[in-house]
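Colleague: Below is the structure I would like to discuss, written out as structure tokens.
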Amino acid sequence: MEALHKGVGPGQDLPPPLLVTRAVVLRRRGQVELALNDFEAALPSVRAMQDAHLLTRTLLHQADALRRAGRAEEAVGSLREALERLLQDRDQARYKPDIEELAELTHSALLEPEVAPFMEAVLERLTAVAGGTSFDDERLTHVQVQTLGRVQITRDGQPVPLTLHGSALLLVYLSQNPGRTRQEIQLDLYPDKEPVTGSNYIRSVIRELREGLGREVVVHSGPHNQPRYSLGPGLSLTLDVEELRRALDEGDAARILALYRGPFMPSVTDSEWADGLREELQTAVTLALRGQMRAARERGDLRRALLLANQLLRVDPYDPEVLEERVEIARRVASPQEVARYVVELQRMGS
């Protein structure tokens, strides 16, 4: 940005593409009002340029800034136009990075009756939405841990292949339970393992984490024969589990859906602690979405209630109450074809 600014003389307006770029950077930094000023200033010129790709991207990122500013109706308007244009573009794959970055906007759109059909059509043509990655910051080691629906660990934006399934699990565990001995870790995570085998496995996991993410990722203190392990102070850890809990506390349905892409570490089947956390998170997500669905239904917003029911059934496809409620709601607002599909799914569950 600094290099580009040097090419603009005093008193000159920024070229529209540069103005849009600055707006996107400001939005990423959380300076939403400043970003909106740039988007609004750039949009007339961007339209006049007749650059379909730039206009669609501008509208997408403006819609997210409007959503963050609490201007929901305007956000829906910008997003609808963006999605309509995107679906007309022959090269839709080039928008994939934008859709991935704007995961919260995407899931918010899936709950808006006016734009949900367009968003679903876009997602059918693109791969599943993924969250953005963090920017490096000073001397911290940035580690991002995804455990919901899939397991992936990145260090400073680069994927780190770890072979032991207990490695990601230990990062989550130590973030919530620092200062534990190997014996305490084993008893919490793997109480059914024989003590020597369990202790050796924990040692192997710690070694793999240090080799893959750096020695600073797991540190120990206390006596040599019984050290207590914690995450290192130079570690900046982003856990999707913690982000999901914040979204649940705030009641942010779009963010909940963006983060909850499946059960917690589904491949881990030998840890009671993982089983408990998996059940806790799924129950919390289900209750949050069910509460929002019923609130929408009570205030007469049946289309939103139907969209929430569909999202709920992605979390728990076998919830009989939601399957029944979906049919009831659909009979009032959905097409006969949709109602028939929902009835078949309900009957299949009954059989």
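The values are calculated or read from the model by the stated rules, or taken from the named source; none is laboratory data. Predicted model only: the values in this text are computed from it and were never measured. Methodologically, a virtual Cβ is constructed for each residue, glycine included, from the backbone with ideal geometry; neighbour enumeration extends over all protein chains shown. Side chains are part of the model used for accessible areas, which takes the heavy atoms of the whole protein and leaves out ligands, DNA and RNA. Shrake-Rupley method; radii C 1.70, N 1.55, O 1.52, S 1.80 Å.
Colleague: Take every DSSP beta bridge whose two residues both sit in the chain, then give the antiparallel share in percent to the nearest 5.
Modeller: On the way: 12 of 17 bridges.
That works out to approximately 70 percent antiparallel.
Colleague: Given a 1.4 angstrom probe, I'd like the percentage of the accessible area of the chain that is carbon and sulfur, rounded to a whole number. Walk me through the numbers before you get to the answer.
Modeller: Details: 8650 of 18050 Å².
Carbon plus sulfur share of accessible area: 48 percent.
Colleague: Classify the range 227-284: rounded, prolate or oblate, from the alpha-carbon gyration tensor (a ≥ b ≥ c, eigenvalue square roots; a/c under 1.5 rounded; otherwise prolate if a/b is larger than b/c)?
Modeller: On the way: a/c = 2.33, a/b = 1.23, b/c = 1.89.
Judged from the Cα gyration tensor, the range 227-284 comes out oblate (a/c at least 1.5, b/c at or above a/b).
Colleague: Roughly how big is the range 247-351's charge dipole about its Cα centre, with Cβ charges of +1 (Lys, Arg) and -1 (Asp, Glu), in debye to the nearest 20?
Modeller: Working: 15 positive and 18 negative charges, 144 e Å.
Charge dipole, the range 247-351, about its Cα centre: 700 debye, nearest 20.
Colleague: Further question: Along the charge dipole of the chain, pointing to its positive end and built from +1/-1 on Cβ of Lys, Arg, Asp and Glu, which listed residue (274, 59, 234) has its Cα farthest out?
Modeller: Of 274, 59, 234, it is 234.
Colleague: Next up: Given Cβ point charges of +1 (Lys, Arg) and -1 (Asp, Glu) and nothing else, what value in debye, to the nearest 20, does the dipole of the chain about its Cα centre take? Before the final figure, lay out the partial values.
Modeller: Values: 44 positive and 53 negative charges, 67 e Å.
The dipole of the chain has a size of about 320 debye.
Colleague: Can you give me the Rg/Rh ratio for the chain, using Cα atoms for both radii and the Kirkwood formula for Rh? Before the final figure, lay out the partial values.
Modeller: Numbers: Rg = 23.6 Å, Rh = 22.9 Å.
Result: Rg/Rh = 1.03.
Colleague: If you take every residue apart from residue 15 with its C-beta less than 13 Å away from the C-beta of residue 15, what net charge results, scoring Lys and Arg +1 and Asp and Glu -1? Write out the running numbers ahead of the final one.
Modeller: Working: positive: 22; negative: 13, 38, 51.
Around residue 15, the charge tally is -2.
Colleague: Take each of the peptides 284-294, 338-348, average the number of other beta-carbon atoms within 10 Å over its residues, and list them starting from the highest. If you can, show how the numbers build up before the last one.
Modeller: Details: 284-294: 18.4, 338-348: 14.4.
Packing order, densest peptide first, comes out as 284-294, 338-348.
Colleague: For the range 229-351, build the convex hull from the C-alpha positions and give me its volume per residue in Å³.
Modeller: On the way: hull volume 15.8 nm³, N = 123.
Per-residue hull volume (Cα only) is 128 Å³.
Colleague: Another question, if that's okay. First check a/c for the range 10-70, with a ≥ b ≥ c the square roots of the eigenvalues of its C-alpha gyration tensor; if it is under 1.5, answer rounded, and if not, answer prolate when a/b is larger than b/c or oblate otherwise.
Modeller: Values: a/c = 2.12, a/b = 1.26, b/c = 1.69.
Cα axes put the range 10-70 in the oblate bin.
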